[in-house]
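Heads up, the thing below is written out as structure tokens.
The values are calculated or read from the model by the stated rules, or taken from the named source; none is laboratory data. Computed from a predicted structure; not experimentally measured. Here the Cβ positions follow ideal geometry from the backbone for every residue, glycine too, while neighbour counts run over all protein chains shown. For the accessible areas, the whole protein counts, side chains as well, though only heavy atoms, and no ligand, DNA or RNA atoms are used. Shrake-Rupley method; radii C 1.70, N 1.55, O 1.52, S 1.80 Å.
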Amino acid sequence: MWLMLQEEVPEDFIIATGEVHSVREFVEKAFIHMGKTIVWEGKDEKEVGRCQETGVVHVKVDPKYFRPTEVDYLQGDSTKAFQRLGWKPKVAFE
């Protein structure tokens, strides 16, 4: 952010790792990080994520967060930030 603020003319920059991951994958990795396993049950809007060890449901689908024009593939491209600011990600998904 500091590098962006040093620019003479304000511009938009995308700050992203360029990696592609689903929300499901993020949740699974978060559970692994806590030493737990998430088990997916149900389908579509009725799907839930239950902790295998405790049986507690921690993840539920909420249609209010659906995007009306959802795209199948989203990937951030931070090429401009790298070329103009020399910025590159230091932290990977893992």
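Listing for the model above:
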{"read-out": "Any chance Arg67 is charged (D, E, K, R), out of contact with any Ser or Thr (no Cβ under 6 Å at 6 or more places or on another chain) and loosely packed, with under 12 Cβ neighbours inside 10 Å", "value": "yes"}
{"read-out": "Among the candidates Val91, Val59, residue that is open to solvent by 70 Å² or more (accessible area, probe 1.4 Å), under 19 Å from the mean Cα position of the chain (by Cα) and touching a residue at least 24 places away in the same chain (Cβ under 8 Å)", "value": "Val91"}
{"read-out": "Among (1) closer than 30 Å to Gln83 by Cα; (2) at pLDDT 95 or above - the single one Trp2 does not satisfy", "value": "(2)"}
{"read-out": "Top-ranked residue of region 12-33 - restricted to ones that are assigned to a helix (DSSP H, G or I) and of a type outside the set (A, V, I, L, M, F, W, C), ranked as surrounded by the fewest Cβ atoms within 10 Å (Cβ to Cβ)", "value": "His33"}
{"read-out": "Filter result for Glu45 (open to solvent by less than 100 Å² (accessible area, probe 1.4 Å) and not β-branched (Val, Ile, Thr))", "value": "no"}
{"read-out": "Count of region 34-69 residues which are assigned to a strand (DSSP E or B) and among the acidic types (Asp, Glu)", "value": "1"}
{"read-out": "Subset of region 70-88 (residues that are touching a Phe, Trp or Tyr at 6+ places or on another chain (Cβ under 8 Å) and open to solvent by 100 Å² or more (accessible area, probe 1.4 Å))", "value": "Arg84, Lys88"}
